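Okay, handing you the structure first.
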């Protein structure tokens, strides 16, 4: 039996490639395509007036996305459809994710649901969730005696 020299870097790369194959779209042994689930990245920020949600949704259009507020939950869902037109080409690897997605976030109490704004630009969905007047920070002046 011949022992193989330990190569930590190449062994890690080989491990990561195998791990990625479990979660990415690819052609299985049967030749049928499998669909990998995906979830868009979402950043959440806050300022004195509102909460700001930014969801990365490359390749999606307004018609592909649903935004709802239900029982103090902000729900962002939709579907990224597969877009492959060249059927006569041999594809060696698919790394684009597609499929349905669903993200939900519990909203803090004291938001104004009537003042939620949604804007989609360059593949980024931005939701501005206004704070109710009583939740906004108020500066209090302190007098010195």
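The values are calculated or read from the model by the stated rules, or taken from the named source; none is laboratory data. Note that the coordinates shown come from a computational prediction; the quantities given were computed from them, not determined experimentally. Counting neighbours? That spans all protein chains shown, and the Cβs are built from the backbone with ideal geometry, glycine included.
Among the residues of region 86-99, write down those that are touching a strand residue (DSSP E or B) at 6+ places or on another chain (Cβ under 9 Å) and touching a residue at least 60 places away in the same chain (Cβ under 8 Å).
94, 96, 97, 98, 99
Scan region 49-57 and give yes if some residue there is touching a helix residue (DSSP H, G or I) at 6+ places or on another chain (Cβ under 6 Å), at pLDDT 75 or above and closer than 23 Å to residue 108 by Cα, otherwise no.
No, the conditions are met nowhere in region 49-57.
Something else: Could you tell me whether residue 69 is in contact with a helix residue (DSSP H, G or I) (Cβ under 7 Å, 6 or more places away or on another chain) and either assigned by TED's automatic domain parsing to the domain that holds residue 120 or at pLDDT below 85 (or both)?
yes
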